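Working notes, beginning with the structure itself.
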Amino acid sequence: DPALVCGIGSIDGTSFMFIGHQMGRNTKENIYRNFGMSQPNGYRKALRFMRHADKFGLPIITFVDTPGAYAGKNAEELGQGEAIALNLREMFGFRVPIISVVIGE
């Protein structure tokens with residue numbers, strides 16, 4: 001899901017996992033990134049990265065810049081509500097710190 005960007009970063013020698021919504025800079029990029037609205041596969045992608053961070057003891061930093069989850073019929077058919085709920089449930093069990101930063105919208 002191109003609306004969700006994940007990776008490993010480092011500040012002052014401290015490694016962390018970052019997860020963020022990314023909107024485009026112009027119309028073409030906005031369409032490619034679905035205006036920053038994740039589909040169910042994006043939430044599953046984020047969960048894979050968060051589990052990896054928990055396994056290796058990396059703090060998780062999330063950057064939120066989105067109007068919300070994609071509200072299309074196809075997203076609901078693919079289990080978007082379930083994917084979001086599963087992420088929230090799993091996050092409560094992680095042993096690493098999680099910081100969420102709202103950077104827009």
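The values are calculated or read from the model by the stated rules, or taken from the named source; none is laboratory data. Computed from a predicted structure; not experimentally measured. Quick reminder, even Gly has a Cβ in these numbers, built from the backbone with ideal geometry, and neighbours come from all protein chains shown. For the accessible areas, the whole protein counts, side chains as well, though only heavy atoms, and no ligand, DNA or RNA atoms are used. Shrake-Rupley method; radii C 1.70, N 1.55, O 1.52, S 1.80 Å.
Across the chain, C-alpha contacts under 8 Å between residues 6 or more apart give a mean separation that, scaled by the residue count, equals a relative contact order of 29 percent. For a straight C-alpha distance cut-off of 15 angstrom, the aspartates and glutamates reachable from K73 (same-chain residues fewer than eight places away being disregarded) are E82.
May I ask you to give the percent of accessible area on region 38-88 that is carbon plus sulfur, with a probe radius of 1.4 Å? Don't jump to the answer; show the numbers that get you there.
Details: 1630 of 2700 Å².
Result for region 38-88: 60 percent of the exposed heavy-atom area is carbon or sulfur.
All other residues with a Cβ under 14 Å from the Cβ of F49 taken together, and with Lys, Arg as +1 and Asp, Glu as -1, what is their net charge?
+2
What is the mean projected area of the alpha carbon convex hull for the chain, to one decimal in square nanometres? Projected area, direction-averaged: 6.8 nm². Relative to the longest principal axis of the Cα atoms of the chain, the long axis of helix 40-56 lies at roughly 0 degrees. Measuring r between the beta carbons of T14 and L78 and using R0 = 41 Å, the FRET efficiency lands at 0.70.
Placing +1 on each Lys and Arg Cβ and -1 on each Asp and Glu Cβ, with no other charges, gives the chain a dipole about its Cα centre of roughly 220 debye.
With 0.36 nm allotted per residue and the present C-alpha distance subtracted, the H52-T27 stretch has 5.7 nm of extension available.
Each part reduced to its alpha carbon centroid, region 1-24 and region 42-105 end up 12 Å apart. Per-residue ellipticity at 222 nm, computed for the chain from helices alone with -39500 (n - 2.57) per DSSP H run of at least four residues, works out to -11500 deg cm²/dmol. Convex hull volume per residue, computed on the Cα atoms of region 52-105, equals 83 Å³. Annotation: extensible slack from N87 through V64 equals 6.8 nm (criterion: 0.36 nm per residue apart, minus Cα-Cα distance). Where both bridge residues fall in the chain, DSSP classifies roughly 45% of the beta bridges as antiparallel.
Taking a straight Cα-Cα cut-off under 12 Å and skipping sequence neighbours fewer than 8 places away in the same chain, the aspartates and glutamates within cross-link reach of K45 are D1.
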